Amino acid sequence: MNEALKNILERNSHRQLDLPAPSTEEMQKVYQAALRAPDHAWLRPSSFIEIQGKGLDKLSKAFVDFAEENITNLLPEKLEKYKNAPFRAPMVIVLVNTPKEHPKVPEVEQIMSTAAAAENILLALHALGYGGIWRTGSFAFNKKIGKFLDLGEGQNVVGYLYVGTPKGAPKRLPEFNIDDFVVRWDS
């Protein structure tokens, strides 16, 4: 089987991610792959915040501060979960979308471009032997999280990729009946 297709078919979200994280050199290639995502009119709406080391403490504080300010009836155990969330992996990549005004490219298409960039990141990581998990939840797709992440006006978080070396057995990949998902118009 073609190696590129094999990489796509075998990519999986891993339950546990540990050190080592990808090197700076490896991440350069990963980001190059991200920026090959479809991007109508070359608007470049996608950018990334790479977080490691003490940066994970800063992200943890941002999650806690956001939750305390914006989530009503916040239970202590939920706040603790938010505080610990960044430490699920040695690296977190924040997926940032900065939509640009364009007469032919609506904002939703630009968000989809960032989503495609995220998938390219996950595929590139998998090809390099690393794993990733894409998370959204309370800290994505809202207008208020940006101030806690030092984002500019109009920038939005599309999600968070947790990145590291897979640990333990991978999740079993489901089998699909392709005919359940595809309608063919051939006559």
Looking only at segment 90-117, filter to residues that are of a type in the set (Asp, Glu) and assigned to a helix (DSSP H, G or I); which one of those is nearest to residue 34 (Cα to Cα)?
109
One residue from 121, 133 being among the hydrophobic types (A, V, I, L, M, F, W, C), at pLDDT 95 or above, touching a helix residue (DSSP H, G or I) at 6+ places or on another chain (Cβ under 8 Å) and under 30 Å from residue 72 (Cβ atoms):
133
Output the qualifying pairs, or none if there are none: Cβ atoms under 6 angstrom, residues six or more apart or on different chains, first residue in segment 50-70 and within 15 Å of residue 20 (Cα to Cα), second residue assigned to a loop (DSSP other than H, G, I, E, B) and hydroxyl-bearing (Ser, Thr, Tyr).
none
Cβ-Cβ below 7 Å, separation at least six or inter-chain, first residue in segment 1-20 and closer than 15 Å to residue 91 by Cα, second polar (S, T, N, Q) and in a strand (DSSP E or B): which pairs?
17/165; 18/165; 19/165; 20/165
Could you check segment 78-111 and list, in sequence order, the residues that are aliphatic (A, V, I, L, M), over 17 Å from residue 58 (Cα atoms) and free of Cβ contacts under 8 Å to residues at least 24 places away in the same chain?
108
Name the pairs: first residue in segment 32-47 and on the phi < 0 side of the Ramachandran plot, second residue aromatic (Phe, Trp, Tyr) and surrounded by 14 or more Cβ atoms within 10 Å (Cβ to Cβ), Cβ to Cβ under 9 Å, at least 6 apart or on different chains?
34/48
Failed criterion for residue 120 (all others in (1) within 24 Å of residue 30 (Cα to Cα); (2) part of a helix (DSSP H, G or I); (3) over 13 Å from the mean Cα position of the chain (by Cα) hold):
(3)
State yes or no: is residue 60 at pLDDT 95 or above and in contact with an Asp or Glu (Cβ under 8 Å, 6 or more places away or on another chain)?
no
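Results for (1) hydroxyl-bearing (Ser, Thr, Tyr); (2) within 18 Å of the chain's Cα centre (by Cα), shown as yes or no for each residue.
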site	(1), (2)
131	no, yes
140	no, yes
148	no, yes
165	yes, yes
169	no, no
174	no, no
178	no, no
Failed condition for residue 187, given (1) closer than 27 Å to residue 59 by Cβ; (2) surrounded by fewer than 12 Cβ atoms within 10 Å (Cβ to Cβ)
(1)
If I ask for residues that are assigned to a helix (DSSP H, G or I), more than 19 Å from residue 148 (Cβ to Cβ) and among the hydrophobic types (A, V, I, L, M, F, W, C), which ones from segment 36-87 would you list?
41, 42
Residues that are exposed (fewer than 12 other Cβ atoms within 10 Å of the Cβ) and part of a loop (DSSP other than H, G, I, E, B): does segment 123-130 have at least one?
yes
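The values are calculated or read from the model by the stated rules, or taken from the named source; none is laboratory data. Quick caveat, the model's predicted, so the values are computed rather than measured. Every residue, glycine as well, gets a Cβ built from its backbone with ideal geometry; the counts of neighbours run over all protein chains shown.
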